[in-house]
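For reference, the structure discussed in these notes is given below.
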Amino acid sequence: MKRFLFRIQKAQKRLKIKSVSAFLITSRINIAYLTGFTGSNGFLLITRTKTILFTDSRYIERAKYSTPKWIVIEDITKLWRNPEELKKTWQRTLKSLKIKSIGFEGSNLTVNQFKKYRHISSKIEFKDISGEIESLRAVKDPYEISLIRKSQEINIQTFELIKKIIHQHETTHTKNTKPLREIDVVWEIKRIAHELGAEDVSFEPIVAFGKHSSMPHHESDKTILKKNEIILIDMGVKYKGYCSDMSRTILPKKPTKLQKEVYKTVKEAQENALNKTKTGMTEQKIDSLTREIIKKHGYAENFTHGTGHGVGLEIHESPSLNEKGKQKIKTGMVMTIEPGIYLPGKFGVRIEDIIVV
């Protein structure tokens with residue numbers, strides 16, 4: 001529970017920087033990060049001296065055993081049914097805590113939700129603090145890193161078993177054998193990951209056979225695996241809330257000269273970034289480490305996405321490794337390195353691994 005105190009204290013330090021009396025945290029992921037509470041309904045109010053979690057009767061007991069004892073838990077079940085009483089109670093809370101300004105997560109609230117908070121918070125100044133908690137989440141502590149590492153271990157084990165299924169299908173395939181479809185592999189990824197201890201997949205797996213591999217985010221369908229066909233798999237699982245991510249390209253037994261050339265280029269690009277990434281570099285600089293290799297081999301126009309992204313409680317977090325990224329990389333950041341080359345109508349290659357800076 002000490003980690004939650006440390007996180008709340010870091011958030012409280014940001015109050016002064018953002019010149020507000022309190023943070024109103026409405027993002028479910030950010031609430032979980034700060035308190036351990038994972039219910040589907042609730043919001044968090046952080047002041048310089050107090051942290052209050054507001055939720056309804058469905059989650060009160062759960063909140064009490066999943067959050068630190070120093071977090072105040074308020075049952076607002078009845079208040080939601082009585083708008084006027086809700087407004088009076090909320091304003092009493094603001095007055096007692098001497099709150100004159102609130103930082104809210106504009107990237108999380110809908111316009112209508114924001115209007116409701118404004119309506120019950122008369123004479124309170126609101127300031128958008130989108131990204132503040134996400135910036136705290138970008139640097140992982142040792143506990144988080146251990147969970148991401150375990151998540152990725154399950155991910156890798158799952159992939160190795162998937163490779164065996166694919167290999168077995170290719171070696172034993174006959175006219176009477178049931179054909180292997182992309183969606184069949186997707187289902188096997190989910191089943192195997194669950195059996196190995198994952199609680200869920202961190203995103204819908206991408207399984208792309210043949211020409212489909214040229215689409216970075218192909219939606220897996222009923223396409224059947226053909227003999228001597230390239231396969232691209234992008235997959236990740238969740239372990240105790242934390243995501244993993246990995247892409248692998250499986251070359252056919254008899255790859256073409258072009259397939260071998262593209263694969264070798266992508267591998268070289270990835271290794272260049274893996275070997276040279278370090279604290280203090282900008283997102284753009286790390287992106288250039290893969291992009292310059294791919295450009296050197298003549299495939300600059302075929303690398304159509306960023307080099308990588310942060311991974312944690314969400315599959316895409318800060319930092320974002322792209323051509324315009326200005327943020328400096330810090331020790332403890334966990335992110336992917338995933339260059340790719342995509343030749344429309346032919347095939348694509350992507351290789352992705354997670355690193356801890």
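The values are calculated or read from the model by the stated rules, or taken from the named source; none is laboratory data. What you see is a predicted model; the values in this text were computed from it and never measured. Glycine gets a Cβ as well: all are built from the backbone with ideal geometry, and neighbour counts include every protein chain shown.
Here are a few things to note about the model shown:
- Take the conditions (1) out of contact with any helix residue (DSSP H, G or I) (no Cβ under 8 Å at 6 or more places or on another chain); (2) outside any helix (DSSP H, G or I); Phe126 misses just one of them, which is (1).
- Count of the range 239-291 residues which are more than 16 Å from Arg350 (Cα to Cα), modelled with pLDDT of 95 or more and either among the charged types (D, E, K, R) or outside the structural domain of Gly340 (by TED's automatic domain parsing) (or both): 6
- Failed item in (1) over 30 Å from Val201 (Cβ atoms); (2) free of Cβ contacts under 8 Å to residues at least 24 places away in the same chain; (3) within 28 Å of the chain's Cα centre (by Cα), with Arg58 passing the rest: (1)
- Within the span defined as the range 292-303, one or more residues are outside any helix (DSSP H, G or I) and surrounded by fewer than 19 Cβ atoms within 10 Å (Cβ to Cβ).
- The range 123-146 - residue that is over 16 Å from Glu317 (Cα atoms) and not basic (Lys, Arg) and, of those, surrounded by the fewest Cβ atoms within 10 Å (Cβ to Cβ): Pro142
- The residue of the range 226-252 that is surrounded by the fewest Cβ atoms within 10 Å (Cβ to Cβ), among those that are in contact (Cβ under 8 Å) with a residue 40 or more places away in the chain and part of a loop (DSSP other than H, G, I, E, B), is Lys227.
- Residue ranges of helices (runs of 4 or more DSSP H) in the range 1-115 with at least 2 members under 17 Å from Lys127 (Cβ atoms): 2-18
- Between Glu188, Glu204, Glu160, the distinction of being within 12 Å of Ile233 (Cα to Cα), modelled with pLDDT of 95 or more and not in a loop (DSSP other than H, G, I, E, B) belongs to Glu160 only.
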